[in-house]
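Undergrad: Dropping a structure here in structure tokens format, bear with me for questions.
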Amino acid sequence: MSWNDLYQEKRLTPSQAAERLSDCSNLILGMGVAMPPALITAIAAAYKAETLPALNIYYMHGSATLQEQLLTPAMRGKFTPRCLFLSSHDRLALHANAEHPWIEFVPSAFHQVGRLLTENITPDCLMVTVSPMDKHGYFSLGTNADYSATVIRKARKVIVEVNRHMPRTFGECSVHISEIEALIEADVPLSEVPNVEASDIDWAIARQVAERIENGDTLQMGVGGVPNAVLSMLEHHQNLGLHSELFSPAMVNLIQKGALNGRVKRVMQHKHVFTLALGDRAMFDFMDDNPSIVGFPASWVNNPSVIRQNPNMVSVNSAIEVDITGQINAEQILGNPFSGTGGQLDFVRGAYGSEGGRSFIALHSTAKGDSLSRIVPQLTGGTVTDTRMDAHYVVTEYGNVCLKGLSIPQRVNALIGIAHPKFRDELTQHAFRLGLCH
């Protein structure tokens, strides 16, 4: 039998594919761009028809389709959504379900998610979007190796949504037709993330980070205005490398200009390593069939023991608030879920463990029109994403401090020094009341 014959034999309609979940307990959905819209819509229809069991649905970074089709008040009680990292769509769903909350959050460092989804639960089925099959019978996970590249080898059933818009990428993104149970076809545009324009404050923060990035450094950048601004300032650098959780449009520009070439990296030299991609159509087109762009599972990309093997590793991420001893919260606002554990701590630890490595946490000094300080006496939600032992550089528009080697009183003084001036006296008073300074 040829690969094309096998393809046709495994081809189903979305409703037929949803029926394959009838004997399952745990369903895992691909994250972000790879979350399959036609399959999700079919699952929603099956729940409305009351033909599916009460699944546990695990996922990260939910899509608009997930929000609109499954995470609605009308679906409450039909299944249990278990989210490991919230997107803007998940936050909207939480708000819509606020009267009767039922979306559950699962804390996990990103490099451990693949193991969690294959060892700590039984992966009955994985559903994920893939690129079209090539002449050798291989699909590609395209934008999302993340946990799918791990789960796809362990799940009892694999059902893929083939989309011609999904780029074909390399690394560990390949899956063979013989490894899947069924497939559907749905050629819909991939979800795109609009470019975040950097504000004046973003630029002020970014300049302080960029001036500490040297030729030959290997980069990990988060999402948002500050990372985009930092990357835009590196066009004249030489021999930068990429070993990043995220691949973004701003990185494409540096690759095209030759500044980002991976020439002096130690791990995957000359390759641009990522585990998930968020961006626009132009970025997807750049990734397609590009042998320099390689996706690997987060269990490898985000593993601190791997990250630290690249010398001069630079990690740039954001935070919601930092307390005056250096504890970092990047997950909750006033105790309410905002994002998730994700891979920030993976890279904070990996970068500092690298020879010559640096980790930066960047944040605006205030929020809500300067009415709230984001340098705080104590974290308001009680959630610590990065411990104070792990914090390295913290940057606001008012300065950049290195916390390594500083005592608690020294940290307090340093962090208050980069808070907004209007809050410094108040923070100092809190520090004395808490017994944190002399």
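Undergrad: Hey, which of the helices (runs of 4 or more DSSP H) in the range 1-100, taking only ones fully inside, have at least 2 residues that are within 17 Å of Val128 (Cα to Cα)?
TA: 3-10, 14-19, 37-48, 64-69
Undergrad: Another question about this same structure. Can you give me the ranges of the helices (runs of 4 or more DSSP H) entirely in the range 253-317 with at least 1 residues that are within 29 Å of His364 (Cα to Cα) and either open to solvent by 10 Å² or more (accessible area, probe 1.4 Å) or touching a Gly at 6+ places or on another chain (Cβ under 8 Å) (or both)?
TA: Because the criterion is at least 1 residues that are within 29 Å of His364 (Cα to Cα) and either open to solvent by 10 Å² or more (accessible area, probe 1.4 Å) or touching a Gly at 6+ places or on another chain (Cβ under 8 Å) (or both), the helices (runs of 4 or more DSSP H) in the range 253-317 that meet it are 298-301, 304-307.
Undergrad: Considering only the range 153-162, how many residues are open to solvent by less than 10 Å² (accessible area, probe 1.4 Å) and free of Cβ contacts under 8 Å to residues at least 40 places away in the same chain?
TA: 2
Undergrad: Exactly one of these conditions fails for Asn97: (1) open to solvent by 60 Å² or more (accessible area, probe 1.4 Å); (2) among the polar types (S, T, N, Q); (3) over 25 Å from Thr150 (Cα atoms). Give me its number.
TA: Going through (1) open to solvent by 60 Å² or more (accessible area, probe 1.4 Å); (2) among the polar types (S, T, N, Q); (3) over 25 Å from Thr150 (Cα atoms) one by one, Asn97 breaks only (1).
Undergrad: Another one. Considering each residue of the range 173-205, count those that are touching a strand residue (DSSP E or B) at 6+ places or on another chain (Cβ under 7 Å) and either in a strand (DSSP E or B) or surrounded by fewer than 21 Cβ atoms within 10 Å (Cβ to Cβ) (or both), and give that number.
TA: The qualifying residues number 10.
Undergrad: Could you count how many residues in the range 402-433 are open to solvent by less than 20 Å² (accessible area, probe 1.4 Å) and either closer than 21 Å to Asp200 by Cβ or among the polar types (S, T, N, Q) (or both)?
TA: Looking only at that region, the number is 2.
Undergrad: Return the pair list, or none, for Cβ contacts closer than 7 Å from residues in the range 114-142 that are under 16 Å from Gly295 (Cβ atoms) and modelled with pLDDT of 95 or more to residues that are part of a strand (DSSP E or B) and open to solvent by 10 Å² or more (accessible area, probe 1.4 Å), at least 6 apart or on different chains.
TA: Pairs that qualify, where the first residue is under 16 Å from Gly295 (Cβ atoms) and modelled with pLDDT of 95 or more and the partner is part of a strand (DSSP E or B) and open to solvent by 10 Å² or more (accessible area, probe 1.4 Å), are Tyr138/Ser174; Tyr138/His176; Ser140/Ser174.
Undergrad: Could you run through the range 341-366 and say how many residues are over 18 Å from Asn310 (Cβ atoms), at pLDDT 95 or above and among the small types (Gly, Ala, Ser)?
TA: Residues in the range 341-366 being over 18 Å from Asn310 (Cβ atoms), at pLDDT 95 or above and among the small types (Gly, Ala, Ser): 2 in total.
Undergrad: Another question, if that's okay. Hey, does the range 117-136 have a residue that's in contact with a Pro (Cβ under 9 Å, 6 or more places away or on another chain) and open to solvent by 30 Å² or more (accessible area, probe 1.4 Å)?
TA: no
Undergrad: Please enumerate the residues belonging to the range 127-150 that are under 16 Å from Ala182 (Cα atoms) and either β-branched (Val, Ile, Thr) or more than 19 Å from the chain's Cα centre (by Cα) (or both).
TA: Those that are under 16 Å from Ala182 (Cα atoms) and either β-branched (Val, Ile, Thr) or more than 19 Å from the chain's Cα centre (by Cα) (or both): Val128, Thr129, Val130, Ser131, Pro132, Met133, Gly137, Tyr138, Phe139, Ser140.
Undergrad: Given the condition farther than 22 Å from Thr13 by Cα and open to solvent by less than 10 Å² (accessible area, probe 1.4 Å), answer yes or no: does some residue in the range 39-60 qualify?
TA: Scanning the range 39-60 turns up at least one residue that is farther than 22 Å from Thr13 by Cα and open to solvent by less than 10 Å² (accessible area, probe 1.4 Å).
Undergrad: Scan the range 101-138 for residues that are among the hydroxyl-bearing types (Ser, Thr, Tyr), closer than 28 Å to Ala186 by Cβ and not in a helix (DSSP H, G or I) and report the count.
TA: Result for the range 101-138: 4.
Undergrad: Looking at (1) open to solvent by 50 Å² or more (accessible area, probe 1.4 Å); (2) out of contact with any Gly (no Cβ under 7 Å at 6 or more places or on another chain); (3) within 26 Å of Phe139 (Cα to Cα), which one does Trp3 not meet, given that it meets all the others?
TA: (2)
The values are calculated or read from the model by the stated rules, or taken from the named source; none is laboratory data. Small disclaimer: the values here were computed from a predicted structure and weren't measured. Virtual Cβ from ideal backbone geometry, glycine too; neighbours counted across all protein chains shown. Accessible surface is based on the protein model in full, side chains and every heavy atom, while ligands, DNA and RNA are left aside. Shrake-Rupley method; radii C 1.70, N 1.55, O 1.52, S 1.80 Å.
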